[in-house]
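One structure below.
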Amino acid sequence: MNEKDFAELAAGAALHALSPEDEARFRRTLDEHPEWERIVEADAATAATLSAPFTGEVPRPDIRAALLSQIAQTPQVQGAQTPQDGRTDDEQAAPAAASSESADTSTVDSIRPPRRWSRAIFALAACLALLVGVGIGSVALNDYLNRPASVVALEQITGASDAAQASVTLDDGTTATAHWSASLGSAVLVTDGLAAPADGKTYEMWFVRGETPVPAGVFDADGTTATAVLSGSMHEGDVIAVTVEEEGGSPSGLPTTDPIIAIPTA
């Protein structure tokens with residue numbers, strides 16, 4: 001058995017998922033190759049970290065992005081690859097004498113294709129363990145990966161080199177802040193204190209480009225903080241506006257009321 005095959009068994013052993021036969025082969029091979037103990041220790045440490053209690057703390061976005069990118073690029077191996085001649089890699093590499101009746105147990109083990117515990121899957125577990133190591137709990141991880149689109153867009157905008165924002169305060173004390181990045185072509189509107197629209201009405205956002213209003217989606221508010229990402233591409237110099245329209249948005253694609261919010265981006 002080579003080191004790669006042993007690593008497959010070590011992954012299964014760390015997850016307590018080996019069959020009795022594979023467990024015996026794993027133990028026997030480890031006795032024959034004590035130098036591979038490092039593989040067993042590394043896999044056991046990863047499994048232990050995954051099962052340990054922890055508290056939640058959101059990691060830096062660059063850590064998350066790097067880990068998820070690595071996971072996405074990891075091949076998902078389904079099993080041993082079999083060449084066109086029908087023999088496994090181990091069988092091709094085994095000496096011809098291995099097929100004789102006089103072959104001993106260690107030789108038989110060397111040519112028997114091991115059960116393939118996917119190292120790709122265990123690598124995914126290792127990545128999750130690293131996330132745990134920087135302090136992110138399972139609930140926090142789920143919340144972080146399933147953030148609303150408006151929150152994700154706002155993070156991207158604030159991280160852009162040309163990020164900008166502007167605010168207005170309405171007569172009733174409501175505040176509205178537009179965040180945008182011309183290089184990303186993205187904008188987000190955050191309101192605080194905006195009352196819920198009347199029954200059958202909604203708030204619709206617009207990019208006002210010169211004299212032309214471009215619909216950018218609808219959103220709801222309830223008097224607390226509301227965050228909405230504008231759909232479509234924002235152009236430098238657009239005015240970000242909000243009007244009150246029929247539920248679902250203006251059927252004509254044009255504003256039917258005067259803007260209650262208008263924030264220039266230039």
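In square angstrom, rounded to the nearest 10, how much accessible surface does residue 179 have for a 1.4 Å probe?
30
Any idea how far apart residue 195 and residue 44 come out in nm if each label point goes 7 Å out from Cα toward Cβ?
6.7
How much length, in nm to one decimal, is gained on full extension between residue 155 and residue 247, taken as 0.36 nm per residue of separation minus their Cα-Cα distance? Intermediate results must be reported in sequence, preceding the final value.
Numbers: separation 92, 0.36 × 92 = 33.12 nm, distance 2.88 nm.
Gain on extension, residue 155 to residue 247, equals 30.2 nm.
With a 1.4 Å probe and all protein chains kept in place, how do 25, 147, 209, 38 rank by accessible area, largest first? Spell out each step's value before the answer.
Working: 25 5, 147 50, 209 70, 38 125 Å².
The ranking, largest first, comes out as 38, 209, 147, 25.
For 230, 15, write out the residues from largest to smallest accessible area, computed with a 1.4 angstrom probe and no ligands counted. Spell out each step's value before the answer.
Values: 230 10, 15 90 Å².
The ranking, largest first, comes out as 15, 230.
Give me the number: length gained by fully extending residue 236 to residue 21, i.e. 0.36 nm times residue separation minus the C-alpha to C-alpha distance, one decimal in nm.
Values: separation 215, 0.36 × 215 = 77.40 nm, distance 6.67 nm.
Difference between extended and current length: 70.7 nm.
For a paramagnetic label modelled at 7 Å from the Cα of residue 166 toward its Cβ, which residues of the range 238-252 fall within the zone defined by backbone nitrogen distances under 14 Å?
Answer for the range 238-252: 238-242.
The values are calculated or read from the model by the stated rules, or taken from the named source; none is laboratory data. None of the values given here were measured: they were computed from a predicted structure. All Cβ positions, glycine included, derive from the backbone under ideal geometry; neighbour counts span all protein chains shown. Calculation scope for accessible area: heavy atoms of the full protein, side chains included, ligands and nucleic acids excluded. Shrake-Rupley method; radii C 1.70, N 1.55, O 1.52, S 1.80 Å.
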